[in-house]
1. If packing is taken as the mean number of other Cβ atoms within 10 Å per residue, what is the order of A:170-181, B:229-240, highest first?
2. Select from region B:31-85 those chymotrypsin sites (Phe, Trp or Tyr not before Pro) which occupy a DSSP coil region and have at most 16 other Cβ atoms within 10 Å, ordered by residue number.
3. Do any GluC sites (Glu not before Pro) in region B:133-203 lie in a DSSP loop with no more than 10 other beta carbon atoms within 10 Å, and if so, which?
4. Mind sorting B:226, A:8 by how few other Cβ atoms lie within 10 Å of their own Cβ, fewest first?
5. Would you calculate, for the protein assembly as shown, the mean residue ellipticity at 222 nm contributed by helices, counting each DSSP H stretch of 4 or more residues as -39,500 (n - 2.57) and dividing by all residues, to the nearest 500?
6. Over region A:129-185, what is the mean sequence separation of C-alpha contacts under 8 Å (at least six apart), divided by residue count, expressed as relative contact order in percent?
7. Taking other Cβ within 10 Å of each residue's Cβ, how do B:221, B:143, B:171 sort, fewest first?
8. Against the longest alpha carbon principal axis of chain A, how many degrees, from 0 to 90 and to the nearest 10, is the axis of helix A:275-303 turned?
Amino acid sequence: MARYLLRRLLYLLPVWLGISFVAFALSNLTPGDPARLMLQRQLARQPTAEEVAQARLDLGLDAPFAVRYVRWLGDAVTGDLGESYRTGEPVLTALITRFPITLQIAVLGVLGALAIALPLGMLAAVWRNSPVDHVSRVLALLGASMPNYWVAYLLILLFAVQLRVLPVAGRGTWQHMVLPSVTLGLAASASLMRLTRSEMLEALGQDFVRTGRAKGLRPATVVVGHALRNAMIPVVTVAGLRFAGLLGGAVIVETIFAWPGIGKFVVDSIFDRDYPVIQGFVVFMGSVFLLINLAVDLSYAWLDPRVRLGGS
Amino acid sequence: MIGTIIVALFIIVAIAAPFLAPHDPTAVDARAILAAPSSEHWLGTDNLGRDILSRLIHGARWTLGTAFLASALIVTIGVTVGLVAGYVGGLLDDILMRVVDILLAFPSLVLALAIVGMLGPSLMNVMLGMVAVWWVDYARVIRGLTVGMREREFVTAARCAGAPAPRIIARHLLPNVVPSVIVLATLELGSLMLAISALSFLGLGAQPPTPEWGTMLNDGRAFFQRAPQLMIYPGLAITLAVIGSNLVGDGLRDVLDPRMKR
């Protein structure tokens, strides 16, 4: 297991370097001179040509691209991603303090998706070609086709404005979590629901289901306790993979429901042309996804010895 | 079938927008602000007294036009890279696929967001951001198909007949991947529309007064409790367009590429 872990980590290194390069190269897309932009902010007036030239020298912007990249990389590996133009706080600290909120949204989204997909997918398989199956098919198509930010507003209109049972936005109580998790979960549930259905259909045809039925178990026990448990393995795997995407997609939910997570912070930074934050966001999120993928791979290796021994 | 009708209707609306729209989509009318639906304004008006129906009709041009254009660019880049990497192989293949690996390490929205963030908010930059991120899916799929065909007899025959690599790629390999490309492009057109309008909704895409659907939703946010029609109709338009292209994609997949059927 230790050797497997080492091999995986060594493989991650070039990919992480690539991510850092993408993040660094992106900052060269900005229109205008970063030194002038920084001075304009600090001085609150148009800087003189000498001031700009001096700032370029101080920031090391006169060096060639490759040299600047290596310098920046040296800072980045020690956790120095620069400072936010807007708030002055170190970018890494700013991202880390906001990350738990984004993480919470993504977890809620996955749970919401599973809460919708598992029962509907299961029932669609049990009552195949029944009205339940057709409804689940329509729901899956709708879930995949509706813009989730729009769904969020429809839900707010219905539950917060008309019925007044849930708060419009904000966070704190469990009621605040319902609409964000349904919003994010609905879109993710579409494909999970179809997957649950097809996996359930396969599981229901297996010998152990027939055995369970033959020995007189209650139908609900056979379906939920035996078939669903087996069908859940691939579904949970895909849900785990979806989790990474939900971290990225949390931007919209954070904006609508006013949750001060990473996504909201970055969108605000974009409007404020706070480039170090945008750059730091790419490095940070890229690193988080690498770690998630590593965790998924390791869990396979832990569950299945063939994976960790294969190829060595 | 239903999907084809929906998509065809949207395309007709987009093309004939100036003739179909009852009003100028950006004409402000101070006497009819947030007006309810009436015989003059079928779907009511927005916070500046602009006719919502006219804005929706013109919006089809912006939203669908951007998605189609982005899709065309994505397909061109992705298919070219996939074919070249798959056929040429070797070091070039390694380099291109490492680039694909790195871009796939991000969820698409993160990188697109960062690109738009660096370039500045505009519909053009949103499109560039999407193209920069989405071509990798095609490159990977098409490379896989190409590697599978490289050693087949018709390719060997062409090579023996002295055809140069560009000719083999364009005349022999490309036609064989076209069905998969069409299916993939239609299936992804819906997600592309959703992603583009999501960035517009965040205020990063088309800027007011452009009647892009995502931008209209963003404009309507401040008034949605008083005048829900500002948000309901543009969202409905996006949903219908995406449903249409998803249905067409599913249908095409069954006809053109049964192997992809899950």
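Read-outs throughout are calculated quantities, based only on the coordinates presented, and are distinct from any laboratory measurement. The structure presented is a predicted model; accordingly, all values stated were derived computationally and were not measured. For neighbour counting, all protein chains shown are included, and Cβ atoms are generated from backbone atoms with ideal geometry for every residue, glycine included.
1. For the peptides A:170-181, B:229-240, the packing ranking is B:229-240, A:170-181.
2. Those satisfying the criteria are B:42.
3. B:151
4. Fewest-to-most Cβ neighbours within 10 Å comes out as B:226, A:8.
5. Result for the protein assembly as shown: -24500 deg cm²/dmol, rounded to the nearest 500.
6. It rounds to 29 percent for region A:129-185.
7. Starting with the residue having the fewest Cβ neighbours, the order is B:171, B:221, B:143.
8. Once rounded, the angle reads 30 degrees.
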